[in-house]
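One structure below.
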Amino acid sequence: ETGVTQSPTHLIKTRGQQVTLRCSSQSGHNTVSWYQQALGQGPQFIFQYYREEENGRGNFPPRFSGLQFPNYSSELNVNALELDDSALYLCASRGERDTGELFFGEGSRLTVL
Amino acid sequence: AQKVTQAQTEISVVEKEDVTLDCVYETRDTTYYLFWYKQPPSGELVFLIRRNSFDEQNEISGRYSWNFQKSTSSFNFTITASQVVDSAVYFCALSVRYNNNDMRFGAGTRLTVKP
């Protein structure tokens with residue numbers, strides 16, 4: 001139990017649609033990052049937010065966007081969905097105290113048909 | 001560019017055997033951070049260890065141990081006396097930034113421990 005919750009746990013969309021995934025960070029954590037994990041692969045870093053500002057981005061196109069709210073919860077938005085966007089999307093949070101530990105949620109599994 | 005290679009896709013052992021998971025990394029940065037995470041079937045990644053590039057001391061935590069060798073760019077993970085509950089996918093990861101906003105994961109090694 002990491003204290004990081006994600007919703008929805010599963011969803012199915014069709015190509016061209018838009019999706020919003022949500023993440024509630026562990027209490028007191030002001031940094032949140034998002035990862036995409038395709039089947040059988042390692043997670044790939046999408047972006048990170050610190051105190052509502054994006055402070056790092058991986059190699060993902062602009063149709064992947066995010067938000068972090070004052071309560072440090074977060075959203076990942078993906079526009080114009082493509083078949084290759086089918087994956088497990090993981091959210092991770094971290095506090096100010098630097099232990100290097102990221103606390104992950106159980107993910108949202110997105111299927112694009 | 002950073003890269004992490006986990007050459008072992010799947011490993012299967014019998015309970016109580018020792019098992020080593022290999023991790024080789026590439027980076028031109030002199031300061032970097034290495035991680036191991038465990039991913040059970042539930043999906044969430046569980047943090048096991050972080051090691052920075054200036055600390056080459058090996059670490060032991062219960063049945064887990066890690067061998068960091070800069071000379072071979074490796075950060076291997078050994079489970080001693082494996083148990084069925086150790087069955088999971090294990091990921092090695094690398095970051096060159098202090099706030100780890102650039103984490104690069106390997107493809108993972110699926111460990112199955114049979115009773």
Set B:Glu15, B:Glu10, B:Glu26, B:Glu56: member being modelled with pLDDT under 90, touching a strand residue (DSSP E or B) at 6+ places or on another chain (Cβ under 6 Å) and more than 10 Å from chain A (Cβ to nearest Cβ): B:Glu56
Entirely in the stretch A:8-87, the strands (runs of 3 or more DSSP E) that have 1 or more residues that are modelled with pLDDT of 95 or more: A:10-13, A:19-24, A:31-37, A:44-50, A:64-68, A:74-78
Qualifying positions in the stretch A:1-47 - without any contact (Cβ under 8 Å) to a residue 24 or more places away in the chain and over 13 Å from A:Asp85 (Cα atoms): A:Glu1, A:Gly40, A:Gln41, A:Gly42, A:Phe45, A:Phe47
Single residue of the stretch A:39-68 satisfying the filter (within 17 Å of A:Gly95 (Cβ to Cβ) and aromatic (Phe, Trp, Tyr)) that is surrounded by the most Cβ atoms within 10 Å (Cβ to Cβ): A:Tyr49
Some residue of the stretch A:72-83 being of a type in the set (Phe, Trp, Tyr) and open to solvent by less than 50 Å² (accessible area, probe 1.4 Å): no
Count - residues of the stretch B:1-51 that are open to solvent by less than 20 Å² (accessible area, probe 1.4 Å) and not in a strand (DSSP E or B): 5
Sole exception among (1) touching a residue at least 24 places away in the same chain (Cβ under 8 Å); (2) at the interface with chain A (Cβ under 10 Å from one of its Cβ atoms); (3) under 24 Å from A:Gln26 (Cα atoms); (4) not aliphatic (A, V, I, L, M) for B:Gly106, by number: (3)
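The values are calculated or read from the model by the stated rules, or taken from the named source; none is laboratory data. Just so you know, these numbers come straight off a predicted model, no measurement behind them. FYI the Cβ positions are ideal-geometry reconstructions off the backbone, even for glycines, and counts take in every protein chain you see. Heavy atoms of the whole protein, side chains included, go into the accessibility calculation; ligands, DNA and RNA do not. Shrake-Rupley method; radii C 1.70, N 1.55, O 1.52, S 1.80 Å.
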